[in-house]
Structure formats: structure tokens, C-alpha cells
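Here is the structure we will look at, set down as C-alpha cells.
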Amino acid sequence: MSYGIDFGFLKGAKMEDKLSLLTGKGKAIRVLSQKKLDKKVVEYYIKQAIEIDSKK
């Protein structure tokens, strides 16, 4: 069993996924799995999540 961290984005289906790292095919949620933390990758997705959330 490999270990890592998963970041779940509740509005992930609205996110741009240029890196093709998000998983999920539902209407909303996408998950970013990281076995080794890549801060630039996480920052790319978190910035989008914050921007999407601020457009309420």
C-alpha cells in the first residue's frame, strides 16, 4: 500500500486541469493525489479553487 495525501476539491469539475492530475468523473468533486508533495502543483490547483469559490 502506498501512502500520500489527497486534496479534494468540491467544485473541482469547474477547474482547468492542464496538468491532467485530477481524478473523478462526477458532476462536482475532483481529487488530487500526491505521493510526494509537489508544492507548485498543489498551488496551481488551490489558486483555482480559491478563485472559483470567490465567484459566489
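The values are calculated or read from the model by the stated rules, or taken from the named source; none is laboratory data. Computed from a predicted model, the values in this text were never measured in an experiment. Every residue, glycine as well, gets a Cβ built from its backbone with ideal geometry; the counts of neighbours run over all protein chains shown. For the accessible areas, the whole protein counts, side chains as well, though only heavy atoms, and no ligand, DNA or RNA atoms are used. Shrake-Rupley method; radii C 1.70, N 1.55, O 1.52, S 1.80 Å.
For the reader, a short list of remarks on this structure follows.
- Dipole axis of the chain (+1 Lys, Arg; -1 Asp, Glu on Cβ), positive-most option in Ile29, Ser2, Tyr45: Ile29
- On the principal axes of its alpha-carbon atoms, the chain has extents of 38, 24, 17 Å, going from largest to smallest.
- Normalised by the number of residues in the chain, the average gap of Cα pairs under 8 Å and 6 or more apart makes the relative contact order 40 percent.
- Calculated mean residue ellipticity at 222 nm for the chain: -9500 deg cm²/dmol, from DSSP H runs with n ≥ 4 weighted as -39500 (n - 2.57), summed, divided by the residue count and rounded to 500.
- Å² of accessible area per residue within the chain, as computed with a 1.4 Å probe and no ligands counted: 84 Å²
- Long-range HN-HN contacts of Met15 with modeled amide H, under 5 Å: none
- Cβ-placed point charges (K, R +1; D, E -1), dipole of the chain about Cα centre in debye, nearest 20: 120 debye
- 3J(HN,Hα) along region 24-29: x, 10, x, 6, 9, 7 Hz, from the Karplus curve 6.51 cos²θ - 1.76 cosθ + 1.60 with θ = phi - 60°, whole Hz, x for Gly and Pro.
- Here the Karplus relation 6.51 cos²θ - 1.76 cosθ + 1.60, evaluated at θ = phi - 60°, turns the backbone of region 7-21 into coupling constants of 9, x, 10, 5, 10, x, 5, 8, 7, 7, 10, 4, 8, 6, 10 Hz, with x for every Gly and Pro.
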